[in-house]
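To start, the structure under review is shown below, and the notes come after it.
The values are calculated or read from the model by the stated rules, or taken from the named source; none is laboratory data. All of these numbers come straight from a predicted model, not from anything done at the bench. Note: ideal-geometry Cβ built from the backbone for every residue, glycine included; neighbour counts use all protein chains shown. Protein only, heavy atoms only, side chains kept; ligands, DNA and RNA dropped before computing areas. Shrake-Rupley method; radii C 1.70, N 1.55, O 1.52, S 1.80 Å.
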Amino acid sequence: MRKLLIALLIINCQVSIVNWASADEGMWTLFNLPDAVYHQMQTEGFRLPKSSLYGGLSKCVVNFNGGCTGEVVSPRGLLFTNHHCGFEAIRRHSTVEHDYMIDGFYAKEEKDELRNENLFVAFMREQKDITPMLDSLGINNLNNISKEVLIDSLNEVLTKEAKKVNQSYYVEIDPFYEGNAYYATTYQRYNDVRLVYAPTKSMGKFGGETDNWMWPRQTCDVSVFRIYVDPKTGAPADYSEDNVPMGTDSLSKAQGIVPAYLPVSMNGYKPGDFAMTIGYPGSTERYLSSYGIEEMRNNIFDPMQQVRGVKQKVMKYHMNNSEAVRIKYDSKYARSSNYWKNAIGMIHCIDSLGVIQQKNDYEKEIQKFVGDHSPLNFSKLRNYYKERAEVVRAMTFFQESFGKRSQNELAVRAMKYYNGMEVKGPENKPSKQYLMFEDNSKEWDKALDSEALAVMIQNYRQQISDTTYLPSFYKTIDKDFGGDSYRYACEMYNNSMLMQSGTKLKMKTTKKMERDLGMQFGLSLVETLADIRLVIDSLKDSIDVQERLLCAAKMRMEQEMPHYSDANFTMRLSPGQVGGFTMGNYDSGYYTTASSLCDKIKKADLIDDYKAQPIFSELFSASDYGIYKDKETGTLNLCFLTNNDITGGNSGSPVIDGDGKLIGLAFDGNWESLSADILYDDTLARCICVDIRYVLYLMDRWAHADRLLQELGVK
């Protein structure tokens, strides 16, 4: 595959195009992995047969709760993922008296492993190409709405067929290559997933926002869970005290469904050693046009970082003044700040590396290849994006301020009331039916939430230039509250029926409901959102057709090379090697050590994110790290770098050596290459991983988790 690679020289940037085989770019589906990719893996040190991948190592890896990756590491269903992936589960079990975020958690016996409601993992059982089937149904002649209807219908049919094989199976159909192909993936879902171990937040999130997306790192980003199953059948089951760890019951063993697992390796690594990730990368846009990238930069990343920066100040103030509030919002703040910093980094990289211009130059080559009479029309594509620029910007501000991304309880409830809430009551008596919000007061704080909403209302008005997209509730604020968004927000929180959990809200709107400020607020939001979507949707089909044609043209132009599809949270393999990067006179190195952690802890008086309990200074100042010591460096390695091609969703992905053993967990990318989601740079793009020996050392010397270490075959 032809690649656009960037050599960053402090200020100036150059573009070089190299042959695919010289780089490790690529997020490859496993069921149809190109032979050329496998042969490249062999040259880099992968020693297992190709058959060990799809249906082999893939069985060890799970979709963790719809947003991360995890891996089974024992024959008893023990599961590793990142600390930040398990953070919400850890937070939900925490109280002021027993704060597992601050203190960490270890279940000394299996009976102490903690249940987690609404937490699941899913194994990929099969994946296949169904493009011919959908082509025969004329999918590319349909608009997006009709496509969705067709795919949903086919998805339902395929899921019914899968359930005949196993009731816990379900199917998802996803577009690949910008809609030029469609794959159907069969998953098996497990709902009883219990918390087993988590280090303290000071270790699991060491460095906090200061070090997020940065190298060097010392974060022990791991949490441990276990999958439980029905004791009689060995099948997935909802939580029950009678359930047993997956793979332990005799029937499941007899049926041959003992889970595959990744054994941990204590052998370490050195520069150039083979390293592979298998996981669920969420989203990349490497086939996206220069005009699409410009839209992302100006109208998605820029407003996102602006809104989140404002909102996080409010959150941080209240969290710093109350331990109870901090526990409620720690996870929300982490989710918000993670992509706030990512957006800032994306903007920086897009600008400093000249990504838009590079893409534009490459599109000129594609234009020459397809000719002037091709249905691919760059002028039309540019005009479509230009026409919707302001409304996309308004949509981002809207979603960040009032949608699910706002994480604001009143705004979310107000929108949810008008958009498909579950109807309760008897089906045969519509007059008795009602809507109701369950009591979730443990999840949010009134003072923080009301102030945050007021700030969002005020900020949205300041940022939106086109008053067409100002919801009508602003007139109420100006008329009845003298323009004071704080008074308005407090009035809704204090008196709106929306905030009275457990209150039965009638299906038919009453005069009292019409006078309710919260109800008025919600109605004005959904009306404005409908106006915004109307403009965006009117151009979406035209843009999608041109982007699909652009992707197809690129693949035709480079047809002698293998191509991978953009990430879409389906399982992908990324081959690579251990190693750092250089930028100008800077040499990153490829690992960090225990002493570097101690050095940062000494700076805790200046940087709060480096604070840690005294015990950790003692543990990492040890003269003997025992079996966890690295043979190459002679010390305890904490984190290391590879050039695996990852993105969001890969968090928790296993880092696998050439013998199929676990050497670490992927948890981050580096600041210098955040634009890799759009334009991959093999010279700079690096995957930051936590060394499995660091994980085990902490489990041993801090948690004294002997039963887990024995289960893992370490002791």
Value of D in µm² per second that Stokes-Einstein yields for the stretch 184-334, Kirkwood Rh from Cα pairs, at 37 °C (0.692 mPa s) | 159 µm²/s
Between residue 348 and residue 174, what FRET efficiency comes out of the Förster formula 1/(1 + (r/R0)^6) with R0 = 30 Å and r the beta carbon distance, rounded to 0.05?
-> 0.45
How large, in percent, is the carbon and sulfur part of the accessible surface of the chain at a probe radius of 1.4 Å?
-> 49 percent
So what is the accessible area of the stretch 161-247 per residue, in Å², with the probe set to 1.4 Å?
-> 33 Å²
Based on the Cα coordinates of the stretch 477-613, what is the per residue volume of their convex hull in Å³?
-> 389 Å³
Extending each Cα 7 Å along its Cβ direction at residue 390 and residue 242, get the distance between those two points in nm, one decimal.
-> 6.5 nm
Between residue 538 and residue 374, how many nm apart are label points set 7 Å from Cα along the C-beta direction?
-> 3.0 nm
When only C-alpha pairs under 8 Å and at least 6 residues apart count, what is the relative contact order of the stretch 396-518, in percent?
-> 31 percent
Amide H partners (placed H, <5 Å) of residue 687, local residues excluded | 642, 643, 644
If you take the C-alpha gyration tensor of the stretch 79-184, multiply each eigenvalue by 5 and take the square root, what semi-axes do you get, largest first, in whole Å?
-> 42, 16, 12
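How high is the relative contact order of the chain, in percent, with contacts defined as C-alpha pairs under 8 Å that are six or more residues apart? All intermediate terms of the calculation are to be shown ahead of the outcome.
Numbers: 1331 pairs, mean separation 166.1, N = 715.
Taking the mean separation of contacting Cα pairs over the length of the chain, I get 23 percent.
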Given the pairs 313/611; 311/341; 446/504; 368/554; 205/328, which are separated by over 19 angstrom at their Cα positions?
-> 313/611; 446/504
In whole Å, what are the Cα extents of the chain along the three principal axes, biggest one first?
-> 73, 69, 59
Find the accessible area per residue for the stretch 417-529; the probe is 1.4 Å, ligands and nucleic acids are left out, and the unit is Å².
-> 56 Å²
Would you calculate a helix-derived [θ] at 222 nm for the chain, using -39,500 (n - 2.57) for each DSSP H run of n ≥ 4 and dividing by the full residue count, to the nearest 500?
-> -12000 deg cm²/dmol
Label-reachable residues, the stretch 481-501, where backbone N falls under 20 Å from a point 7 Å from residue 117's Cα toward its Cβ = 499-501
For residue 438 paired with residue 232, estimate the spin-label separation in nm (one decimal), with each label point 7 Å from Cα along the Cα-to-Cβ line.
-> 2.7 nm
Extension gain residue 167-residue 419, at 0.36 nm per residue separation less the Cα-Cα distance, in nm?
-> 87.7 nm
Efficiency by 1/(1 + (r/R0)^6): what FRET value for residue 39 and residue 481, r their Cβ-Cβ distance, R0 = 56 Å, to the nearest 0.05?
-> 0.25
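Using the C-alpha atoms of the stretch 307-354, what convex hull volume per residue, in cubic angstrom, is computed?
Spread over its residues, the Cα hull of the stretch 307-354 gives 58 Å³ apiece.
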